[in-house]
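A.B. asks: I am attaching a structure below and will ask some questions about it afterwards.
The values are calculated or read from the model by the stated rules, or taken from the named source; none is laboratory data. None of these values were measured; they are calculated from a predicted model. Cβ atoms come from the backbone with ideal geometry, glycine included; neighbour counts cover every protein chain shown. These area figures cover heavy atoms from the full protein model, side chains too; ligands, DNA and RNA do not enter into them. Shrake-Rupley method; radii C 1.70, N 1.55, O 1.52, S 1.80 Å.
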Amino acid sequence: MPRPASEPSTLPETLRGFDDDALAELFRARPDLVTPLPSDIAQLASRSTTRSSVARILERLDRVGLATMEALVVLPRPVSVTAVRALLGLSDARLRGVLAELRALALVWGPRSALEFPVVLTDLLAPYPGGLGPPADDPALADERQVAKLLDDAGPDSRAVAERLAAGSPVGIVSDADRAVTVESARTPVERLRARGLLTAVDPRTVLLPREVGLFLRGGRLYPGDDLNPPALEGTSRDPAMIDRAAAGTTLETVRRIEQLLDAWGADPPPVLRAGGLGVRDLRRIAGALEIDEPNAALLLETAFSAGLVAVGEEDSWLPTPAYDTWLALDTAHRWARVATAWLNSPRVPALVGSRDERERLRPALSAEIERSAAPGVRRLVLSALAEAEPGTAPSTEAVAAWVRWRRPRRVTAFVEQLLTWTQTEAATLGLTGLGALAAQGRALLDGEEPAADVLAPLLPEPVDHVLLQADLTAVAPGPLRPELARALAGMADAESHGGATVYRFSASSVRRALDAGRTAAELHDILARHSATPVPQPLSYLVDDVARRHGHLRAGTATAYLRCDDEAALDALLADRRTAALGLRRLAPTVVLSRQPLRTLVDELRALGFSPVPETPDGALMLTETRVGRTAEIPQRASVSGPRAPEPDVLAAAVRAVRAGDRARASRPAGATVGQLRRTPSGEAVDVLRAALAGGWSVWMGYVDQQGGARDRIVDPVRIDGGWLTAYDHAAGEARTFALHRITGAAPVD
């Protein structure tokens, strides 16, 4: 950022000295300054010193930046760079860099001998900036030698009390602060300090250590030197390649479990609670199905929800969205990157699921009650901390927390402390870290979804298109299967174990499930033959044929329910079986048997007894129970970080142009013009000015009357004049607009 020969003394002058890149960077760092867009530099300067805007940017300062602002408040005016350096104990180069950053944020301006800052800063850092009390009423305490003499007179025990107050809060609680004391009558260490003016009584129970005494006891420094240095991120060292492999394996499990979860919900969606969210029983059920604990199940649910893969569908139930089908079409690396990015940017805190609110009510999963605006920023800070550690280093939870406290001292609350721990646990569960250290894909996630997917892809095993069929009716997948094969195999077999090699088991019920879904025996044989690296074992072929031969032989319908079968002997055997007594079977005809049980119960009970009935429609057609694939009607839009977001680069550039133009207009108003009303000129003269500006490529200050009769002057760049209309770029609006020539009241060059 170029500087004039003499430092500007006011904030507007300082901002006018910013080049366009510096001004755009200010808008990017403080997006609240461009919402709405200020009309000129003066308004920008005014807005940047408001309480709300300064409070926001203070939360983004690190320990040394905040200490510098505290030093400005503590020191008597005018504040010089030399005084700040002495109070903080920083080197010239380091203080120069800190002040340059604060100047770029419009928090500090003015010459080196008289630094200025927003007046509201004093209130924001009150009551005890830097942990120091207010200045003493006695001007003699400004002399360090006088303070040293009084402390010596008070005695070592009194000095120890003062040192404790100087090291922490300057406030002390006593029993009789209102009792008048003299040097002769003082009995306790506190009274001896009060008698010498080294403590000030605020009320009957409170005393304050004056600022001058606190600084003397701190050695003239606002903070100890180590306080202003970022804490080390030391920890256990691991092989980076091992870390990446461990985390990559976790990403596979994350993707598999989310797919398993949403496939289950597509077939059998759980209901939405009346107050919103997911019931405890449904959460427990999905945790059991995924073979994980409930907190991890909640994490996967909330991550899928944040990624827009699940939402409230028809009949107030939780269903996958159309975005889930798009997600399924991606490769594993991009699937993981999509959900990991959603987790990183989501304001939802899965660890709050199952906790109790202020009214002692449980917070359910997928409810609005677990959103916290601080979550995205904290997650990025934690990943940044892990990324700053040496590659392969797994810092402890406390080391990461200390690093975050130093980076954002005004943002760390008791809840944020919890969130720091939760974030590290969630990052490990989702596969951003491995063995406690940040993996390559976790590091890349800070740069975006695509970089993370590109880094993860080489770490994942190539999907395979075959399995190893074995005579014990199992199939071993020697790696992650291609999506189409994985779904086909899941339809005809049950997964027994997961990991590097997934084991599937075929059974009569699993084969019947595939036949119920509409597959034929021939299709099942074809799938097995095409994707088996070994010949299909005879027992498996026999199993498929045997289940297919009996499948549909016995048919069920509603009477309440009936059974019919062309084989009378089969019905005879069924009626003679004592296990079917509870079904209340009664023969209606040689080939028809009635039951008092509902159709679904009848079919399930008979299948449990080893029979294979298939439901049929009223016209006698087979009622195949193809797995339901429920979806919501549309893809929901998920909110992420709350509050002002950094504008896009083109928006920043337009904002800079508009503010510059407004400032030029204020400084370059032609003679006779007043604020809000340009001097009227004849229509032909105004058009001539606009044509000249169009040819010369310069800006015009133009008066215009809108359709409501409101007069306003604005800065425009003419683009075209045609058919009674002017097309021009309106700097205030940040876009091209059209203006009727007959409504233009005047025009003059800006410069």
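A.B. asks: Can you give me the ranges of the strands (runs of 3 or more DSSP E) entirely in the stretch 187-252 with at least 3 residues that are open to solvent by less than 60 Å² (accessible area, probe 1.4 Å) and under 23 Å from Asp157 (Cα atoms)?
C.D. replies: Output list reads 206-208.
A.B. asks: Is one or more of the residues making up the stretch 135-142 within 25 Å of Arg60 (Cα to Cα), surrounded by 20 or more Cβ atoms within 10 Å (Cβ to Cβ) and either in contact with a Ser or Thr (Cβ under 7 Å, 6 or more places away or on another chain) or hydrophobic (A, V, I, L, M, F, W, C) (or both)?
C.D. replies: No: zero hits.
A.B. asks: Which ones in the stretch 451-485 are part of a loop (DSSP other than H, G, I, E, B) and either open to solvent by less than 60 Å² (accessible area, probe 1.4 Å) or of a type in the set (D, E, K, R) (or both)?
C.D. replies: Passing the criteria: Leu460, Glu462, Pro463, Asp465, Asp472, Leu473, Gly479, Pro480, Arg482.
A.B. asks: Can you list residue pairs whose Cβ atoms sit under 7 Å apart, with the first residue in the stretch 221-241 being of a type in the set (Lys, Arg) and the second being in a loop (DSSP other than H, G, I, E, B) and open to solvent by 70 Å² or more (accessible area, probe 1.4 Å)? Count only pairs 6 or more apart in sequence or on different chains.
C.D. replies: Arg238/Leu435
A.B. asks: Taking into account only those residues within the stretch 499-525 that are in a helix (DSSP H, G or I), open to solvent by less than 50 Å² (accessible area, probe 1.4 Å) and of a type in the set (A, V, I, L, M), which is nearest to Val255 (Cα to Cα)?
C.D. replies: By that ranking, first place goes to Ala514.
A.B. asks: Of the numbered conditions (1) at pLDDT 95 or above; (2) closer than 26 Å to Glu315 by Cα, Asn296 satisfies every one except a single condition; which is it?
C.D. replies: The one condition Asn296 does not meet is (2).
A.B. asks: Which of the residues spanning the stretch 682-696 are more than 10 Å from Ala747 (Cβ to Cβ) and either outside any helix (DSSP H, G or I) or of a type in the set (Asp, Glu) (or both)?
C.D. replies: Pro682
A.B. asks: Does Leu121 satisfy the condition of being over 20 Å from Arg221 (Cα atoms), among the hydrophobic types (A, V, I, L, M, F, W, C) and more than 27 Å from the chain's Cα centre (by Cα)?
C.D. replies: Taking the combined requirement at face value, the residue satisfies it.
A.B. asks: Of (1) surrounded by 13 or more Cβ atoms within 10 Å (Cβ to Cβ); (2) more than 16 Å from His551 (Cβ to Cβ); (3) more than 60 Å from the chain's Cα centre (by Cα), Leu602 satisfies all except one. Which?
C.D. replies: Going through (1) surrounded by 13 or more Cβ atoms within 10 Å (Cβ to Cβ); (2) more than 16 Å from His551 (Cβ to Cβ); (3) more than 60 Å from the chain's Cα centre (by Cα) one by one, Leu602 breaks only (3).
A.B. asks: Of the residues Leu344, Leu319, Leu301, only one is closer than 20 Å to Glu450 by Cβ and open to solvent by less than 40 Å² (accessible area, probe 1.4 Å); which?
C.D. replies: From the options Leu344, Leu319, Leu301, the qualifying one is Leu344.
A.B. asks: If you don't mind, another one. So which residues in the stretch 5-36 are in contact with a Gly (Cβ under 7 Å, 6 or more places away or on another chain), open to solvent by 40 Å² or more (accessible area, probe 1.4 Å) and not small (Gly, Ala, Ser), if there are any at all?
C.D. replies: Glu7
A.B. asks: I'd like to know if the stretch 259-273 contains one or more residues that are without any contact (Cβ under 8 Å) to a residue 12 or more places away in the chain, out of contact with any Lys or Arg (no Cβ under 9 Å at 6 or more places or on another chain) and either surrounded by fewer than 17 Cβ atoms within 10 Å (Cβ to Cβ) or over 30 Å from Gly313 (Cβ atoms) (or both).
C.D. replies: No, because not a single residue in the stretch 259-273 is without any contact (Cβ under 8 Å) to a residue 12 or more places away in the chain, out of contact with any Lys or Arg (no Cβ under 9 Å at 6 or more places or on another chain) and either surrounded by fewer than 17 Cβ atoms within 10 Å (Cβ to Cβ) or over 30 Å from Gly313 (Cβ atoms) (or both).
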